[in-house]
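Heads up, the thing below is written out as structure tokens.
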Amino acid sequence: ENKESSSPRGALIVLEGLDRCGKTSQSGRLYKYLLEQGHSVESWRFPDRNTGVGQMISSYLTNESQLEDHAIHLLFSANRWEKRSLMEEKLKTGTTLIVDRYSYSGVAFSSAKGLDIGWCKAPEIGLLAPDLVVYLDISPEKAAERGGYGDERYEQLEFQKKVAGSYLALRDSSWKVIDATLSIVDIEKKLREVVLDCMMTCHKGKPLSQ
Ligand code: DGP
Ligand code: NA
Ligand code: NA
């Protein structure tokens, strides 16, 4: 029997939410936990600021450069495309990926600027489909209270309100929504539950899709 095709694949787990919803620290905690449990797992994030495209995105986000709204949208998307083949390879060889932001951020943030939602979705077609999307739910007002926003371009209450509306429109019944105002430990517990359940389904042979 072919070893590679019979070994269980990894799961593509995506965390989404407004800025300061706690996504980044929860993905770190989840990563540590899965590693300790002996799983093959990696923690990823988008934008990945380490690539050439990622550096252009980073200077846009820190207001060091200006880019037309459609142009930056396509760069964010390109940043996901440039990691696609590595992503597929990792998943197929059994590594679970915990990904902090993905295509949904792309669509939510750009459509919040008023770009057509269909146009926003188009460049994401053909990227790998997540096995699980977890949305850490917090109101824009509560998020803004959390130690204040940094200096980055999108970290403003009025804009985050629009992003929240976009996420609400994007959500479907497959998303797992976790109340991001619960304690860190309670969020972590709920997150582990939905993630372990998803990993089990992937191990059982649920195919990877686009
Ligand atoms: P983060 O590194 O997670 O703080 O993300 C940086 C900021 O960029 C954050 O405000 C969310 C936003 N963002 C992430 N992905 C995309 C995307 O694909 N398109 C747009 N327009 N914004 C994004
Ligand atoms: Na941010
Ligand atoms: Na973040």
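The values are calculated or read from the model by the stated rules, or taken from the named source; none is laboratory data. Only a predicted model underlies this, so the values are computations on that prediction, with no experimental measurement involved. Positions of Cβ are generated from backbone atoms using ideal geometry, with glycine treated the same way; all protein chains shown enter the neighbour counts. When the accessible area is computed, the model is the full protein with side chains, heavy atoms only, and any ligands, DNA or RNA have been set aside. Shrake-Rupley method; radii C 1.70, N 1.55, O 1.52, S 1.80 Å.
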Rough spin-label spacing in nm, given labels placed 7 Å along Cα→Cβ, for Y33 and D48: 2.5
Rounded, prolate or oblate (a/c below 1.5 giving rounded, otherwise prolate when a/b exceeds b/c) for region 1-95 by Cα gyration tensor: oblate
Alpha-carbon centroid distance for the pair region 4-35 / region 139-182, whole angstrom: 19
Net dipole in debye of the chain [+1 Lys, Arg Cβ; -1 Asp, Glu Cβ; about Cα centre; nearest 20]: 420
Antiparallel bridge percentage (DSSP; both residues within the chain; nearest 5): 0
Convex hull volume of region 61-127 per residue (C-alpha atoms, cubic angstrom): 96
Heavy-atom accessible surface of the chain: percent carbon and sulfur, 1.4 Å: 51
Kirkwood-based Rg to Rh ratio, the chain, C-alpha trace: 0.96
Ratio Rg/Rh, restricted to region 150-210 and using Cα atoms, in which Rh is the Kirkwood radius: 1.09
Lys pairs, region 61-200 - Cα-Cα below 22 angstrom, 8 or more residues apart or on other chains: 18
Residue-averaged [θ]222 nm for the chain, counting only DSSP H segments that reach four residues, each worth -39500 (n - 2.57): -14500 deg cm²/dmol
Computed E for M200/Q156 - FRET, C-beta separation, R0 30 angstrom, nearest 0.05: 0.15
Per residue solvent-accessible surface (Å²) - region 1-114, probe of 1.4 Å: 45
